[in-house]
Amino acid sequence: MRTAAKLAGFILAMIVAVLLGFWLASYRPAGSGAFRFTMLNVGQGDASVIESPEGHVILIDAGPAMRDDDTGRRIVLPYLRRRGFNRLDYAVLTHWDLDHAGGAEAIADGIRVGALILPRLPYRLSHLTTTAQRIRSAFERQSVPVEYLSRGDGIALGKQVTLQVLSPPPPGVGWTPTSDNDASLVLMVRYGSFRLLLTGDAEAEAEHDIIRRGLDVRASVLKIGHHGSKTSTSDRWCHAVQPKIALISVGKENTYGHPSRQVLERLQRIGSRVLRTDRNGAITIESNGTSFTVRTMLPPYNAKPARIVIR
Amino acid sequence: MTVTGRLIDEPEAHNGIHIGTLAVGVVDGPNGITHRSNGLLRIALPMDASKQPPHIGDMVRLRGQIRRFRSPTNPGESGASALWERRGLFARLNASGTTAWSVIAIPRAPHYRLAAAALGLRSRTNAIFSAHMTSDQAGLINGLLLGGRSDLTGRRANELTRAGLAHIIAASGANIASIIGLVLLLLRWLRLGDRLTASVCILAASGYAVAAGSQPAVVRAAIMASIFVAAPLFNRCRDGASALCVAAIVALAIDPANIADPGFQLSFTIVAGMMAFWPSWSALLAHVLRKDIAASRSRRSIDIPIRMVLNGVALSVIAGMTAAPITLQIFNSAPVYGVWANLLVAPAVTAIVPIALLVLAFSHMAPALSGLLCHLILAPVAAFILNTATIFGGEPSSTLSTPSPSWPVVLISYGVLGGLAFAARRATWPIGR
Ligand SMILES: [Zn+2]
């Protein structure tokens, strides 16, 4: 019987070795110690990931899914895997347009999600398309709780990173958005003195409403609304935000003519450096709270990141 | 530009487009001048209901735009460019419309006919299994038998991967071993000579390799099996390590680009792992079973099934262990429940290949019997494997994300595994002698 015990020991040792190997391979210290924002190149659409210094992760939009190309599956999930994440604290869909929400079905199916965050919509816009319903039920299948946010709400990502909702306004209070785009979640992300403004597909009306409310929108980095469409990023908005870096998520040779020449000129006038996913690939911003670095998958910052001090 | 060439692989139909690889023969220049040329291009042909779909070996003429492969623009994105460049492909030619391409001749060269016949065989076997079970079950059985996931739906294949069971639908040495085992059994019963037996075994192994689409892992296994079977005829002893080396040399001689191919790397490391760990394992197993049998004679009847189950388990544990460093580096993810899913499924997988072969053998002679085997054994076992995959791979949390281990870490892991194998060998050396 001693050899039977030896046999069992042998099998057990092998299994333990396999499990130990997986565990060691997946082990990573909680958080990389820096704030990190990555805008992925998903073509004509949006998908970005925020990582807090303590290792919290939040996905802002999940990229488009066309009939033959689901960027949620092809780009977003592999990115999260590469970064070693097994869980998203939150998945945010700024609005239901398929260039932002299409890939979310693959996300619901591919990684654990703490909560799904959606804009609180006015009654007029609250009817969901069948595709949107299908995406939402993919999250319901995994028992992911849904939270609806509007101006005044916020998300804390650990102790140091906060996301403040600037738009849409709560239904029935002041201005009411009339389009899905204008009802996009607009989020101000703060880490130390670093500020990042995410705009979804919000257009000029939403921008004006935010400015009219007297909210502080100054930010080092601005994600340009609606892929650089001329209906967003008004002159007033540019002057109010004063971004050092402007990020545009846009598809190569897209049929919409995004980003528009007017928007690029406005940004040039206020001296913002424009980076766009169609030319620069994925863009990563890392901050320690007082300065930040910019890296891109393709030139110019692929070999050596640029360091920028905040004010 | 307009090019004419031969399709060297079976085009995949994907969302209204046939995508395949073309060996270019002629390029049309300006003013109607044609130039002989050679090189490989990926081609995309829009589907046309009025045309026969293109197949491997077909001579195709197409007009369109040539483009470089996109290189990855996101961290973690698997770049099509790197994958294809390893195989000597640098560009893709998209036919500019359904009228911009035509099949101008069908294959005559024997190896294309062979490949086409293998594809035909595959769809025939799938049809035989499908007659008695659901398409998912039939797809799984066909995958177990001939390798590949082409007969499975994307969701099922995905679940198998996430449950750590993807290897069961990769045709490889296990299948070759089953087939040679069956052939040997049959020939012993017929009392044929050694030489004839060996030749039939080699034929069966090569036939299977062709039927399974000549994937690198199968070709490797067929070469090794042939060397093993033939060795005694030349008064040589059977040495696994040298057989493996010969197989590697042959595979690299056929296509040196193989060395960068993950499938090739995995196939060889796993087999090397088997060779390192198997002797200690079987020594232990033989010793324990012999002891138990000596203790009670009645246990002999269950000796074979026990051996099969335990061997299946050991096989998947060793394979998982030796493959891990490479798979982690490529896929950045590991199946959390892989060990348990494999423990459950391994015995079923071992049993299924011989029975599937029986079903195919009887499908013409005794269709009722083959139907019965399908209903009684194949369908339930396939359902069991598929459901196990759903249980262990259906949840988002069933994969663990792992940052890519760097090459030094991969090498160190193999060093550790080698040490482990050595220790196991030393611990079990006296036993079973
Ligand atoms: Zn959009």
If I filter region A:262-271 for residues that are of a type outside the set (S, T, N, Q), open to solvent by 60 Å² or more (accessible area, probe 1.4 Å) and either over 28 Å from A:S234 (Cβ atoms) or in a strand (DSSP E or B) (or both), do I get at least one hit?
no
Output yes when any residue across region A:51-67 is within 30 Å of B:N15 (Cα to Cα), at the interface with chain B (Cβ under 9 Å from one of its Cβ atoms), more than 16 Å from the ligand (Cβ to nearest atom) and under 15 Å from the mean Cα position of the chain (by Cα), and no when none is.
no
Taking region A:97-119 only, how many residues are within 12 Å of the ligand (Cβ to nearest atom) and within 13 Å of chain B (Cβ to nearest Cβ)?
0
Within region A:239-256, track down each residue that is part of a loop (DSSP other than H, G, I, E, B) and either aromatic (F, W, Y) or surrounded by 18 or more Cβ atoms within 10 Å (Cβ to Cβ) (or both).
A:P243, A:K244, A:S249, A:V250, A:G251, A:Y256
Yes or no: region B:110-132 includes at least one residue that is touching a His at 6+ places or on another chain (Cβ under 9 Å), modelled with pLDDT of 90 or more, under 16 Å from B:I385 (Cβ atoms) and open to solvent by 10 Å² or more (accessible area, probe 1.4 Å).
no
So which residues in region A:86-96 are away from every other protein chain (no Cβ under 13 Å), open to solvent by 10 Å² or more (accessible area, probe 1.4 Å) and of a type outside the set (F, W, Y)?
A:D89
Inside region B:279-308, can you point out the residues that are modelled with pLDDT of 70 or more and surrounded by fewer than 17 Cβ atoms within 10 Å (Cβ to Cβ)?
B:S282, B:A286, B:R290, B:D303, B:I304, B:P305, B:I306, B:R307, B:M308
Among the residues of region B:240-268, what is the count of those that are touching a Leu at 6+ places or on another chain (Cβ under 9 Å), surrounded by 15 or more Cβ atoms within 10 Å (Cβ to Cβ) and modelled with pLDDT of 75 or more?
2
Look through A:T233, A:T277 and report the one residue that is within 14 Å of the ligand (Cβ to nearest atom), crowded, with 23+ Cβ neighbours inside 10 Å and farther than 21 Å from A:L166 by Cα.
A:T277
Return the residue satisfying two criteria in turn: it lies in region A:172-204 and is more than 28 Å from A:G289 (Cα to Cα) and within 16 Å of the ligand (Cβ to nearest atom), and of such residues it is most open to solvent (accessible area, probe 1.4 Å).
A:D180
The residue from B:I412, B:I391, B:I377 that alone is of a type in the set (V, I, T), away from chain A (no Cβ under 14 Å), open to solvent by 70 Å² or more (accessible area, probe 1.4 Å) and part of a helix (DSSP H, G or I) is B:I391
Name the helices (runs of 4 or more DSSP H) wholly within region B:46-157 that hold at least 3 residues that are touching a Leu at 6+ places or on another chain (Cβ under 9 Å) and either farther than 30 Å from B:V3 by Cα or basic (K, R) (or both)?
B:110-130, B:135-146
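The values are calculated or read from the model by the stated rules, or taken from the named source; none is laboratory data. This structure is a prediction, so every number in the text was calculated from the model and none was measured. Reconstructed Cβ throughout: ideal geometry from the backbone, glycine too, with neighbour counts over all protein chains shown. Calculation scope for accessible area: heavy atoms of the full protein, side chains included, ligands and nucleic acids excluded. Shrake-Rupley method; radii C 1.70, N 1.55, O 1.52, S 1.80 Å.
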